[in-house]
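Worksheet: the structure to be examined is printed underneath.
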Amino acid sequence: IKKDHVEFFNDEGTKINKKVLELSSDEEKYDKGDYKHFMAKEIEEQPTTLKNGIKEYVDNTNNDINIYNFPWKANEISSIILIGCGTAYHSCLMAKYWFEQLTTLDVSVDIASEFRYRKNRFKKETLYVFVSQSGETADTYAALDLCKKNGMKTCSVVNVIESSIARDSEFVLPIHCGTEIGVASTKAFLGQILILYILCLKLGLLRKDLKKDVFGQKLKDLRELPKLVEQTLLIDNKIQTISNTFNEAKGSMFLGRGFSYPIALEGALKLKELSYIHAEGYPAGEMKHGPLALIEEGMPVVVLAPRDNYYKKTISNMQEVIARGAKVLLITNKSKDEVVSENIWETLEVESTNADLLPFLLTIPLQKLAYYSALKKGFDIDKPRNLAKSVTVE
């Protein structure tokens, strides 16, 4: 709050003098503590981010989700369009898989800068969901404004509830992750996908797409998630060693199927943002349709293969990559069953939970990989070159 931005008046409307606390920059308000970088602190704060979000939205007493004052009835919504940019776009992609799996809603995802320049066919029964950490993303706000002018249902998922996107949306779902200084988003990403998952569960229940016992079990698993993320954060040492190989390579790939695909995209983005290393995320099944030509001896490839319905298919794609000489980093979840594949360079295991929630855990090693890669290169981790925290211009 700046002094020259705030005036105080008494009940009669007369201006009065009042001392105002002048807050300094975000960096000064939000101390790094014992951490070398804000991003390192924000990665470690993710269990707290999840706890806050779950505490805010999950009613333990009634085993329900509290989304108050939702302005529409469930039967008034037949489809959802999720809109965002960058990391927020990856959050939307993640949510698309959940909405398709857990509801009967038609779901699509759009990059905000593309959405606003296309000829859109607006439908009254569609809910438009806008995702933005800052709530000031120019393209996302412009897409929201376009929807408002056409009388559409609008909902925003933001971290800053005083922001333009929050103010101009009909309904707001805050992610409650607190200040995030690092330009490359970490805890805000987990906060976004948490709230989108919670919204998905609630709509699934209201529309009777989810049975109450299934809904109850998913809430139970969700309550355990912060503890599992906390345990997954302990895989530090191995990732520090692995990051050297990525720094020495001229490029890398991140592969995943189903729920893991958006996380592969996010992992590649983090490495690009922080380490300035060329990295691409692909659906694992797309490798043979072109990207396989890029594989050469010693190229690091991250394969996300949790023990879900896609596991065997992903392992098959991984073997194709290994056969071409790639150094594969396999990230999976803990299991009694051994991985049936030879010549894997390194394996990282996250904790186990239901398939819906594994993406939260798979995200952690990818964030740390990007962080340690940039750290060893000596780059500015909190403020990567050419990037800004809030993209307020087109």
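Would you check if LEU93 is under 30 Å from ALA355 (Cβ atoms) and not in a helix (DSSP H, G or I)?
Working: under 30 Å from ALA355 (Cβ atoms): yes; not in a helix (DSSP H, G or I): no.
Judged against the criteria, LEU93 is not a match.
Put simply, of THR314, THR332, THR353 the only residue that is open to solvent by less than 60 Å² (accessible area, probe 1.4 Å) and in contact with a Lys or Arg (Cβ under 6 Å, 6 or more places away or on another chain) is THR314.
Does the stretch 363-394 hold any residues that are of a type in the set (A, V, I, L, M, F, W, C) and closer than 18 Å to GLU42 by Cβ, and which are they? Don't jump to the end; show me each part of the working.
As a first pass, look at the stretch 363-394 and keep what is of a type in the set (A, V, I, L, M, F, W, C): 364, 366, 369-370, 374-375, 379, 381, 387-388, 391, 393.
Passing the criteria: ILE364, LEU366, LEU369, ALA370, ALA374, LEU375, PHE379, ILE381, LEU387, ALA388.
Applying a threshold of 7 Å to beta carbon distances and a minimum spacing of six or more residues, or different chains, the list of pairs starting in the stretch 52-71 at a residue that is free of Cβ contacts under 8 Å to residues at least 40 places away in the same chain and ending at one that is assigned to a loop (DSSP other than H, G, I, E, B) and surrounded by fewer than 15 Cβ atoms within 10 Å (Cβ to Cβ) reads ASP59/ASN66. Note on the stretch 129-230: enclosed helices (runs of 4 or more DSSP H) holding 2 or more residues that are open to solvent by less than 10 Å² (accessible area, probe 1.4 Å), of a type in the set (Gly, Ala, Ser) and modelled with pLDDT of 95 or more are 187-206. Restricting the stretch 319-374 to residues that are under 22 Å from GLY285 (Cα atoms) and of a type in the set (Lys, Arg) leaves a set whose member that is nearest to the chain's Cα centre (by Cα) is LYS327. Checking each residue of the stretch 96-118 against the condition of being within 15 Å of SER169 (Cβ to Cβ) and β-branched (Val, Ile, Thr) gives no match. When restricted to residues that are closer than 15 Å to ILE364 by Cβ, in a loop (DSSP other than H, G, I, E, B) and in contact with a Phe, Trp or Tyr (Cβ under 7 Å, 6 or more places away or on another chain), the stretch 233-258 contains 0.
Could you count how many residues in the stretch 46-84 are open to solvent by 40 Å² or more (accessible area, probe 1.4 Å) and not in a strand (DSSP E or B)? Explain how you work it out, then say what you get.
If we filter the stretch 46-84 for residues that are open to solvent by 40 Å² or more (accessible area, probe 1.4 Å), which is where we start, we get 48, 51-52, 55-56, 60-64, 68-71, 73, 75-76, 78.
Checking the rest, the ones that are also not in a strand (DSSP E or B) come to 48, 51-52, 55-56, 60-63, 68-71, 73, 75-76, 78.
Result for the stretch 46-84: 17.
Number of residues in the stretch 94-145 that are in contact with a helix residue (DSSP H, G or I) (Cβ under 6 Å, 6 or more places away or on another chain) and closer than 13 Å to CYS200 by Cα equals 8. Between VAL328, VAL350, the distinction of being over 30 Å from LEU219 (Cβ atoms) and at pLDDT 95 or above belongs to VAL328 only. Among the residues of the stretch 335-362, those that are assigned to a loop (DSSP other than H, G, I, E, B), among the charged types (D, E, K, R) and out of contact with any helix residue (DSSP H, G or I) (no Cβ under 7 Å at 6 or more places or on another chain) comprise LYS336, ASP337, GLU338, GLU342.
Residue-wise test of (1) without any contact (Cβ under 8 Å) to a residue 24 or more places away in the chain; (2) in contact with a helix residue (DSSP H, G or I) (Cβ under 6 Å, 6 or more places away or on another chain); (3) basic (Lys, Arg).
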{"residue": "LYS208", "(1), (2), (3)": "yes, no, yes"}
{"residue": "ASN247", "(1), (2), (3)": "no, yes, no"}
{"residue": "ILE263", "(1), (2), (3)": "no, yes, no"}
{"residue": "LEU274", "(1), (2), (3)": "no, yes, no"}
{"residue": "HIS278", "(1), (2), (3)": "no, no, no"}
{"residue": "PRO291", "(1), (2), (3)": "no, no, no"}
{"residue": "GLU296", "(1), (2), (3)": "no, no, no"}
{"residue": "VAL303", "(1), (2), (3)": "no, yes, no"}
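Would you be able to say whether some residue in the stretch 201-223 is more than 30 Å from PHE171 (Cα to Cα) and under 18 Å from the mean Cα position of the chain (by Cα)? No, the stretch 201-223 has no match at all.
If the condition is being open to solvent by 10 Å² or more (accessible area, probe 1.4 Å), closer than 18 Å to ILE331 by Cβ and hydroxyl-bearing (Ser, Thr, Tyr), then the stretch 254-301 contributes TYR261, TYR282. Among the residues making up the stretch 370-394, those that are buried (at least 17 other Cβ atoms within 10 Å of the Cβ), in contact with a Ser or Thr (Cβ under 7 Å, 6 or more places away or on another chain) and in a helix (DSSP H, G or I) are ALA370, TYR372, SER373, ALA374.
For beta carbons closer than 7 Å, sequence separation of 6+ or different chains, a first residue in the stretch 224-235 that is under 15 Å from ILE331 (Cβ atoms) and among the polar types (S, T, N, Q) and a second that is in a helix (DSSP H, G or I) and open to solvent by less than 20 Å² (accessible area, probe 1.4 Å), the qualifying pairs are THR232/LEU361; THR232/ILE364. Within the set of pairs 6+ apart or on separate chains, which have a first residue in the stretch 334-350 that is under 21 Å from GLY298 (Cα atoms), a second that is surrounded by fewer than 12 Cβ atoms within 10 Å (Cβ to Cβ), and C-beta atoms under 9 Å apart? From the stretch 334-350, the pairs are ASN343/ALA323; GLU346/THR241.
The values are calculated or read from the model by the stated rules, or taken from the named source; none is laboratory data. Note that the structure is predicted; figures quoted are calculated from it, not measured. Every residue, glycine as well, gets a Cβ built from its backbone with ideal geometry; the counts of neighbours run over all protein chains shown. To get the accessible areas, we keep the full protein, side chains included, count just its heavy atoms, and leave off ligands, DNA and RNA. Shrake-Rupley method; radii C 1.70, N 1.55, O 1.52, S 1.80 Å.
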